[in-house]
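Scroll down for the structure; my scribbles are underneath it.
The values are calculated or read from the model by the stated rules, or taken from the named source; none is laboratory data. Bear in mind that the values here come from a model prediction, so they are computed numbers and not experimental data. Don't worry about glycine lacking a Cβ; one is built from the backbone with ideal geometry, like all the others, and counts go over all protein chains shown.
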Amino acid sequence: MTTPTTSAPLLAVRDLSIDFITPDRPPAHAVSRVSFTLQPGEAMGLVGESGCGKTTLSLALLRLLPPQGRIVNGSVQFNGRELLALAEPEMADIRWRHMAMIFQGAMNALNPVVTVGSQIGEAIHRHYPFMSPPEVAARVAELLDMVGILGARADQYPHQYSGGMRQRAMIAMALACSPEIVIADEPTTALDVMIQAQILDLLDNLRRHLGLAVIFVTHDLGVVAELCDKVLVMYGGVTAEYADVDTIYNSPRHPYTQELLKAFPDLSKPQAALNSIPGYPPRPDALPTGCRFHPRCPLVFDRCRTDQPALLSVSPVWSSQQSSGYAGTANSKRSGEVRPTHLASCHLVENDK
């Protein structure tokens, strides 16, 4: 866990909304009014089922949405600088130099006809044009060594790497220009359990050693429990719940978070049947009225079907610092320090006040 801080956040996202526009059809509301902050060295878990908007949100932070994607509202500030106002050449200077991403599916993300070393070196050439080819080659070898790959394998192609090695190469590529923030989008997808553990240990060790702030996009609640300081739970493109990791696991207030945790296996009861959430997340072009979780919610009542709940504070900030939106001072309760505000978008929270 990170050391708590009351300084200005490294990344501040406020009311970010993203639509997908297609001809002759209404906009698909993929992400709606999502906010969070990230401090230097902090790890945040971005959790939810497939189709809840996690990858779309992550791509929007780097302004890498596909052509149909549009950021229609909100603010993304990096070190106080508004990224949504930057021209593309200015934004290109931010990518990889200050914010980088480990993409889902390394085999699809890597160019199959370019050597791994050349692909890692491309970002270095872009941001450090004064470096000579031998210096770039030395940096590539250093990065590969950092992630547990022999530098001599830089001249090999992606198909010559195992699945775990390709994922390690993607991590090396994300670290090429020493960014302050790394977004890890399902970094262990399609890897076996042992390799998953190795990749996650590597990411956690690198975060601590390099002082990285990391956003872990994942379905795996075990990963979040072990590696993250706080958690943003998304459902249907909106924030379901946001709090420090201990609060999410021990005192969840949104029924969706509660159901996700029930579906997680309990090692103390190996024979117990796993719970599941009936149905599927809503399509962004066919969102239900009212609460987006109400068609699947075990605690639904009439108001849920008609009124969309506001994002409400469940507990006060454990700090004298007050801010609009989400509090950026974060660390786990397990260190006995400052926690972020606990927020949940559920009518049951309002009824309890």
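If the requirement is being crowded, with 16+ Cβ neighbours inside 10 Å and under 19 Å from residue 213 (Cβ atoms), which of these qualifies: 149, 94?
One residue alone meets the criteria, 94.
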Checklist outcome for this item: Within the stretch 15-41, the residues that are under 12 Å from the mean Cα position of the chain (by Cα) and of a type outside the set (Phe, Trp, Tyr) are 37, 38
Checklist entry - Looking at (1) in contact with a strand residue (DSSP E or B) (Cβ under 8 Å, 6 or more places away or on another chain); (2) part of a loop (DSSP other than H, G, I, E, B); (3) acidic (Asp, Glu), which is the one condition that is false for residue 19? => result (2)
Next on the checklist: Can you pull out every residue in the stretch 42-60 that is modelled with pLDDT of 95 or more and either over 17 Å from residue 234 (Cα atoms) or acidic (Asp, Glu) (or both)?
Outcome noted: 42
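Which of the residues that make up the stretch 262-284 are under 23 Å from the mean Cα position of the chain (by Cα) and assigned to a loop (DSSP other than H, G, I, E, B)? Reasoning before the result, please.
Here is the first cut: in the stretch 262-284, the ones under 23 Å from the mean Cα position of the chain (by Cα) are 262-265, 277, 280-284.
Answer for the stretch 262-284, where residues must be under 23 Å from the mean Cα position of the chain (by Cα) and assigned to a loop (DSSP other than H, G, I, E, B): 263, 264, 265, 277, 280, 281, 282, 283, 284.
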Item to check | the stretch 295-326 - residue that is at pLDDT below 95 and among the β-branched types (Val, Ile, Thr) and, of those, farthest from residue 34 (Cα to Cα) | outcome: 317
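In the stretch 72-91, which residues are surrounded by fewer than 18 Cβ atoms within 10 Å (Cβ to Cβ) and either in contact with a Cys (Cβ under 6 Å, 6 or more places away or on another chain) or of a type outside the set (Gly, Ala, Ser) (or both)? Walk me through it before giving the result.
Going residue by residue through the stretch 72-91, those that are surrounded by fewer than 18 Cβ atoms within 10 Å (Cβ to Cβ) are 72-73, 75, 79-82, 84-91.
Hits for the stretch 72-91 are 72, 73, 79, 81, 82, 84, 86, 88, 89, 90, 91.
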Checklist entry - When you go through 261, 200 one by one, which is the residue that is touching a Pro at 6+ places or on another chain (Cβ under 9 Å) and under 17 Å from residue 277 (Cα atoms)? => result 261
Checklist entry - Given (1) within 18 Å of the chain's Cα centre (by Cα); (2) touching a residue at least 24 places away in the same chain (Cβ under 8 Å); (3) surrounded by fewer than 22 Cβ atoms within 10 Å (Cβ to Cβ); (4) more than 22 Å from residue 42 (Cβ to Cβ), where does residue 161 come up short, assuming only one miss? => result (1)
Checklist entry - Does the stretch 287-297 include one or more residues that are surrounded by 14 or more Cβ atoms within 10 Å (Cβ to Cβ), outside any helix (DSSP H, G or I) and among the small types (Gly, Ala, Ser)? => result yes
Next on the checklist: Looking at residue 301 and the list (1) within 30 Å of residue 26 (Cα to Cα); (2) surrounded by 15 or more Cβ atoms within 10 Å (Cβ to Cβ); (3) of a type in the set (A, V, I, L, M, F, W, C); (4) in contact with a Leu (Cβ under 9 Å, 6 or more places away or on another chain), which single condition is not satisfied?
Outcome noted: (2)
